[in-house]
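All remarks here apply to the structure that follows.
The values are calculated or read from the model by the stated rules, or taken from the named source; none is laboratory data. Since the structure is predicted, the reported quantities are computational estimates derived from the model, not experimental observations. All Cβ positions, even for glycine, are placed from backbone atoms using ideal geometry, and neighbour counts span all protein chains on display.
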Amino acid sequence: MLLKIIDFYRNGEKKKILAFSISLMLLFAAIFYIIFQNIVFSIFLTACAYFIFREVYSALDDKRQEMLHKELIEFAVNIIIMLRAGKSVRSIISDSVSWTNPPLKNYLKYLADTLHSGLSFNEAIDDFAKRCSSREARLISTALKINNKIGGDLVFILNNAVEALQESLKVRSVSRTITLQSRYSGNIIAFMPVAVLVILFFFMNSPIKEFFSSRTGNICLILGAVLETAGIFSISRILKR
């Protein structure tokens, strides 16, 4: 279900996605204001919620990319086997829909339907790579397009592509393992002050509310919100690198 949501965000219309995101953030802002009765703090928490959802989306998309990577390797291997059995690329794509798993299954089904609709092979393959939105899909798509345009030994090309994909999968797994602790530590450090402030709002409601209702309190809250948001953004950028 979560992978389907990621696919919707990747392949949906940008205007609809933007409208949905803005509506969701406004809803969160309204909920936070009802709970805490402070507009500055509500805006700050909404910004934090945006960063949290962005991190969750990034983690889910990484998972989708890893699953898609593995499925594309299996798909390329099966293309090689079926080509040796005498099948054409178009028939292989149609047959592959039945045995592949999501998310690749969804992309292959759309590709097969597109090919049956009469769209040219190269255009359909380009659309497939765009929907997958991964370097691995672009590599396989490029191999299929080159073979369709100028011919050649597709089995040999795909064998080389499979070797490259397997090696990149190993590198991805090692990199993910090495950076996992750093990512979790960075997120905990980034959001700890926010969690502490929320706890104080609940357990020391009256003095905290009174302080942040004053002019000095609002200035401190604004400065803290700016610094905290900058810190979250900086840690997020460092971890991505």
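A few points about this structure:
- Put simply, of T177, T229, T216, T142 the only residue that is surrounded by 16 or more Cβ atoms within 10 Å (Cβ to Cβ) and β-branched (V, I, T) is T229.
- Verdict on A124 being touching a residue at least 60 places away in the same chain (Cβ under 8 Å) and buried (at least 18 other Cβ atoms within 10 Å of the Cβ): no
- The residues on offer are D113, D61, and the sole one that is out of contact with any Pro (no Cβ under 6 Å at 6 or more places or on another chain), more than 23 Å from I232 (Cβ to Cβ) and not β-branched (V, I, T) is D113.
- Here I189 meets each of (1) modelled with pLDDT under 90; (2) over 24 Å from the mean Cα position of the chain (by Cα) with one exception, condition (2).
- Per this entry, I157 is counted among residues that are of a type in the set (A, V, I, L, M) and surrounded by 12 or more Cβ atoms within 10 Å (Cβ to Cβ).
- The numbered conditions (1) farther than 20 Å from F156 by Cβ; (2) in a helix (DSSP H, G or I); (3) not acidic (D, E) are all true for I125 except (1).
- Pairing residues of region 47-63 that are assigned to a helix (DSSP H, G or I) with residues that are surrounded by 14 or more Cβ atoms within 10 Å (Cβ to Cβ) and of a type in the set (S, T, N, Q), at Cβ distances under 8 Å and at least 6 apart in sequence or on separate chains, gives A47/T229; C48/T229; F51/T229; F51/S236; R54/S236; E55/N187; E55/S236.
- L60 being modelled with pLDDT under 90 and surrounded by 15 or more Cβ atoms within 10 Å (Cβ to Cβ): yes
- Residue count for region 103-118 under the criterion of being polar (S, T, N, Q) and not in a loop (DSSP other than H, G, I, E, B): the result is 2.
For (1) under 22 Å from the mean Cα position of the chain (by Cα); (2) over 17 Å from C132 (Cα atoms); (3) modelled with pLDDT under 85; (4) among the hydrophobic types (A, V, I, L, M, F, W, C), each residue gets a yes or a no:
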{"position": "L27", "(1), (2), (3), (4)": "no, yes, no, yes"}
{"position": "A30", "(1), (2), (3), (4)": "no, yes, no, yes"}
{"position": "Q37", "(1), (2), (3), (4)": "no, yes, yes, no"}
{"position": "K70", "(1), (2), (3), (4)": "yes, no, no, no"}
{"position": "I79", "(1), (2), (3), (4)": "no, yes, no, yes"}
{"position": "M82", "(1), (2), (3), (4)": "no, yes, no, yes"}
{"position": "V89", "(1), (2), (3), (4)": "no, yes, no, yes"}
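- Subset of region 164-174 that is among the charged types (D, E, K, R) and exposed (fewer than 12 other Cβ atoms within 10 Å of the Cβ) - its residue that is farthest from the chain's Cα centre (by Cα): E167
- Of all residue pairs spaced 6 or more apart or on separate chains, those with beta-carbon atoms under 8 Å, a first member in region 207-226 that is polar (S, T, N, Q) and a second member that is not in a helix (DSSP H, G or I) are S213/N38.
- Residue in region 154-163 that is assigned to a helix (DSSP H, G or I), under 20 Å from the mean Cα position of the chain (by Cα) and small (G, A, S) present: no
- Some residue of region 82-102 being within 30 Å of L180 (Cβ to Cβ) and assigned to a helix (DSSP H, G or I): no
- Scan of region 180-197 for residues that are in contact with a Leu (Cβ under 8 Å, 6 or more places away or on another chain) and exposed (fewer than 13 other Cβ atoms within 10 Å of the Cβ), ordered by number: S182
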